[in-house]
Amino acid sequence: MPEPRTGAGLAGDALECDITLAESGAMTSAPRPSLAKPLAWDDFRLIKAIADKRALPAAAAALGINHSTVFRRLGQIEDALGVRLFERHRSGYVATPAGEEMVQLAGRVDDDIHAFTRRLAGQEIKPAGELRIATNDTLLVDLLTPVFAKFLAQCPDIQLDVLIGNQAANLSKRDADIAIRATDNPPETLIGRKPARIAWALYGRSADFPGPELPSSEDLWRRKWVSLGEQFTMLSAVRYLARHVAPERVVYKLNTVLGLAEAVEAGIGVGFLPCFIGDARPGLTRLAPPDPDLSADLWLLTHPDLRHTPRVRLFLDFAAGELARLKPLVEGDRIGSSAREMAGGSPA
């Protein structure tokens, strides 16, 4: 008996599969020979094609090989297994019980292969698991929450764990997978994307400035002011206010931008705010155009080791696209809109 040449004459790499076939249909009473090498996927494809077409010429055409190759390979497979896989009838080739078992297995493998290729093509594969995102309450409440809502609606297999704080999370120690920050100097150890630049402008309570004309600089300097505390001196707006406003005019300090917006809206004083917060509040009026010197870059950051993680990459792509759509709001070019309105409201 010649040594089998598994898969000879068929295109494609062999996918080796161990299989135990039924004992029925044995060609001789001699002990079944052991296979010199495992059956390959091409062997299963050939047997399935013969069973489907019931004729060697038609099976050969379906496989893209010639008739003699199919005949030779069928004989080699049957010899190697020690069982007859087909009965030859005038109506064509009919599978024996062993042949039917091999055909059924070939069908299941073929289905699995097609399902796998569909998933790789993006039809079914969806990254899953928990994604930890570090940011601050300013960005979360007035900008990111609608973005997160849309992301979760489109990616139901991912869960977000949002960590709020003004201190930078240590992505190297996996305190978070992604950090979303307003900074002009992101850590050199991180990589990321910069979808927009956050504009800041001066705001006051609308009831205190009912007219269409903007107040003069002299009038503004004489008013009461609100400001972030000294721990926020990394922000250009805080440094600018400290240089130009007399300390006694700053009557209210706090350590949250959201609280700062509430203070301005309550009439405690005028103050600098990010435009995506100030412009979205009907109770606030912008008292001067955005000052480019007060702006800060908005960054989506991650550690280099995490950039190819599917859920990290998916979120970065999605968030960058959504924040790019919100760029007019973030950069102070759209007054009277909120991130939720521009994002299309709550997800369906």
Quiz prompt | P328 being modelled with pLDDT under 95, over 12 Å from A196 (Cα atoms) and open to solvent by 10 Å² or more (accessible area, probe 1.4 Å) | solution = no
Exercise. Search segment 135-153 for residues that are farther than 19 Å from A280 by Cα and pair each with any residue that is among the charged types (D, E, K, R) when their beta-carbon atoms are under 8 Å apart and the residues are at least 6 apart or on different chains.
Key: T135/R181; K150/E322; F151/E322
Practice problem: Would you point out the residue of segment 72-101, among those that are among the charged types (D, E, K, R) and in a loop (DSSP other than H, G, I, E, B), that is nearest to the chain's Cα centre (by Cα)? | Solution: R84
Quiz item: Which one of these does P304 not meet: (1) at pLDDT 95 or above; (2) open to solvent by 30 Å² or more (accessible area, probe 1.4 Å)?
Solution: (1)
Self-check item: Test: residue in segment 292-301 that is within 29 Å of I178 (Cα to Cα), of a type outside the set (D, E, K, R), open to solvent by less than 30 Å² (accessible area, probe 1.4 Å) and part of a helix (DSSP H, G or I)
Solution: yes
Quiz prompt | Residue count, segment 215-234 (criterion: within 18 Å of R286 (Cβ to Cβ) and under 38 Å from the mean Cα position of the chain (by Cα)) | solution = 1
Exercise. Could you grab the pairs with beta carbons closer than 6 Å, sequence gap of 6+ or different chains, first residue in segment 214-230 and under 15 Å from R243 (Cα atoms) and of a type in the set (A, V, I, L, M, F, W, C), second one part of a strand (DSSP E or B) and open to solvent by 70 Å² or more (accessible area, probe 1.4 Å)?
Key: V226/Y252
Exercise. Give the residue that is surrounded by the fewest Cβ atoms within 10 Å (Cβ to Cβ), with candidates limited to residues of segment 257-268 that are in contact (Cβ under 8 Å) with a residue 60 or more places away in the chain and either of a type in the set (D, E) or in a loop (DSSP other than H, G, I, E, B) (or both).
Key: A266
Practice problem: Please work out if A62 is small (G, A, S) and in contact (Cβ under 8 Å) with a residue 12 or more places away in the chain. | Solution: yes
Exercise. Could you tell me which residue of segment 120-136 is least open to solvent (accessible area, probe 1.4 Å), considering only residues that are at pLDDT below 90 and in a loop (DSSP other than H, G, I, E, B)?
Key: P127
Exercise. Give, as residue ranges, the strands (runs of 3 or more DSSP E) completely inside segment 137-249 that count at least 1 residues that are exposed (fewer than 15 other Cβ atoms within 10 Å of the Cβ), in contact with a Gly (Cβ under 9 Å, 6 or more places away or on another chain) and not hydroxyl-bearing (S, T, Y).
Key: 158-164
Quiz item: Out of curiosity, is F44 buried (at least 22 other Cβ atoms within 10 Å of the Cβ) and aromatic (F, W, Y)?
Solution: yes
Exercise. Determine, yes or no, whether A324 is of a type in the set (A, V, I, L, M, F, W, C), more than 18 Å from L160 (Cβ to Cβ) and assigned to a loop (DSSP other than H, G, I, E, B).
Key: no
Self-check item: Q104 in a helix (DSSP H, G or I), open to solvent by 40 Å² or more (accessible area, probe 1.4 Å) and polar (S, T, N, Q)
Solution: yes
Quiz prompt | Test result for P282, in a loop (DSSP other than H, G, I, E, B), modelled with pLDDT of 90 or more and in contact with a Cys (Cβ under 7 Å, 6 or more places away or on another chain) | solution = no
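The values are calculated or read from the model by the stated rules, or taken from the named source; none is laboratory data. As the structure is a computational prediction, the values presented were derived from the model and not from experiment. All Cβ positions, even for glycine, are placed from backbone atoms using ideal geometry, and neighbour counts span all protein chains on display. Ligands, DNA and RNA are excluded from the accessible area calculation, which covers all protein heavy atoms including side chains. Shrake-Rupley method; radii C 1.70, N 1.55, O 1.52, S 1.80 Å.
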